[in-house]
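Input: a single structure, listed below in structure tokens.
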Amino acid sequence: MEKVKVGIIGAGSISEMHFESYKNNPAVEIYAVCDLNEQRAQEKAGKYGARRIYKNYQDLLADPAIDAVSICTWNNTHAAIAIAALQADKHVLVEKPLCKTVKEAHEIEQAVEACNGKTLQVGFVRRFGTNTQVLKKFIDAGDLGEIYYAKASCIRALGNPGGWFADKERSGGGPLIDLGVHVIDLCWYLMGKPKVKSISGNTYNKLGNRSNIKNKSFYQAADYDPEENTVEDLANALIRFENGASLMVDVSFTLHAKEETINVNLYGDQGGAEVEPELQIITEKNDTILNATPQIDALSFDFNKGFQKEIDHFISCVQGKRETISPVQDGVEIMKILAGVYESSASDAEVRFD
Ligand SMILES: NC(=O)c1ccc[n+]([C@@H]2O[C@H](COP(=O)([O-])OP(=O)(O)OC[C@H]3O[C@@H](n4cnc5c(N)ncnc54)[C@H](O)[C@@H]3O)[C@@H](O)[C@H]2O)c1
């Protein structure tokens, strides 16, 4: 069977996870790389044996040999590249967030509907974590009952990645659109994708990017700029759903917090669960409360395994073996939530989705 020829657009930090995972998939040939920064594209092409190097994504998309693309560029380019790729008859794996605005999300959705049955998968990689997938089985079997409350928190004490991440024009926002997208999606997916009813949110720009801090390392964009920062450093929100469930979230790039923390908790009428920092299932049996710890290799999200499963799933969708579990419609719903938090904060009022 012929290999799936893949092109990777954007050869910065996260592309490495895509390259590695494609390399490990025997059904894939890493065929082309594209980056505005030609040297970066060349380095990846050399390391992963890609035949073609492009500076302009339109040229990559014009190559009829390419079956599928990963989009690993700045958020403000996701919509244009995804739409052009679908129109060029390519399957698309687009990094999170799907794009910057709800309008763009709908435009991508329309392009998916108009295309010839190509897959567009949104990079909600945490759906592919073993801890998530194990818990999903328990939820689907009814072990948590009706999930009516969830709580998601992803706090960085020092972690504004700078560069385009800190430029609202290119990123669409700060920790909410970058980190919140993961933990909000994780809860929403495990809650059974309830329809959002209202959002009350707050964002704060109090601390800046704190590039003055010494002796503490953190994730940085490929082109780090210590000066640039137009994004919030903290966001929080209360999200209500039509089925009566609610989700509380807080996320930061920087905060006077003691340490970095990630917590994702779900509460149902039959049981509860902690997904992060370690999978635990909480239940009641014979008048006793039980904290159950599954015997699995990793109780927390394993980055390498999560990306490998995400890419393997994408490739099996490209091969027509299954439908993606992370479709464009979900990207649109999550975009509505993210935009709703920003809108609520800007207008100092609850946003309703009637
Ligand atoms: N899934 C995850 O856990 C995860 C983690 C980090 C980043 N991301 C997402 O991945 C994307 C990239 O993030 P990153 O950390 O790799 O950023 P990065 O700055 O390290 O790399 C981005 C690269 O894209 C290139 N680029 C930008 N616009 C381009 C265009 N129009 N054509 C070709 N190349 C272009 C830049 O030159 C740069 O090399 C973002 O959407 C981000 O949200 C996802």
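Observations, loosely collected:
- Inter-label distance, residue 238 to residue 353: 1.8 nm, where each label sits 7 Å from its Cα along the C-beta direction.
- In Hz, Karplus ³J(HN,Hα) per residue of region 173-182 (6.51, -1.76, 1.60; θ = phi - 60°; x = Gly, Pro): x, x, x, 5, 7, 8, 9, x, 3, 5
- Length gained when the stretch residue 1-residue 134 is fully extended (0.36 nm per residue, less Cα-Cα span): 44.7 nm
- When +1 charges are put on Lys and Arg Cβ atoms and -1 charges on Asp and Glu Cβ atoms, the dipole computed for region 230-342 relative to its Cα centre reaches about 320 debye.
- For region 66-79, putting each phi into the Karplus relation 6.51 cos²θ - 1.76 cosθ + 1.60 with θ = phi - 60° gives couplings of 7, 8, 8, 10, 9, 9, 10, 9, 4, 4, 6, 9, 4, 5 Hz, in residue order, rounded to whole numbers and with x for Gly and Pro.
- Which of 99, 115, 154 has the fewest Cβ neighbours within 10 Å, and the rest in rising order: 115, 154, 99
- Only lysines eight or more places from residue 214 in sequence, or on another chain, were considered; those with a Cα closer than 26 Å are 168, 206, 258.
- Computed extension gain for residue 116 through residue 103, at 0.36 nm per residue and net of the alpha carbon distance, reaches 2.5 nm.
- Directionally averaged projected area (region 254-354, Cα convex hull): 11.7 nm².
- Computed on the chain, the Cα convex hull volume stands at 149 Å³ per residue.
- Under the convention that each Lys and Arg Cβ holds +1 and each Asp and Glu Cβ holds -1, the size of the dipole of the chain around its Cα centre is about 480 debye.
- Local electrostatic count at residue 252 - Lys and Arg +1, Asp and Glu -1, tallied over other residues with Cβ under 14 Å: -2
- Furthest towards positive pole of dipole, 251, 337, 307, structure part region 243-354, Cβ charges: 307
- With the simple spin-label model, which puts each label point 7 Å out from Cα in the Cβ direction, the residue 24 to residue 343 separation comes to 4.0 nm.
- Model label sites at residue 202 and residue 256, defined 7 Å from Cα along the beta-carbon direction, differ in position by 1.5 nm.
- Annotation: for a label point projected 7 angstrom from Cα along Cα→Cβ of residue 13, residues of region 238-273 with backbone N closer than 13 Å are 253-254.
Any read-out appearing in this document is the output of simple, stated calculations on the displayed coordinates, not a laboratory observation. Nothing here was measured: the structure is a model prediction, and the numbers come from that model. Positions of Cβ are backbone-derived with ideal geometry, glycine not excepted, and every protein chain shown enters the neighbour counts.
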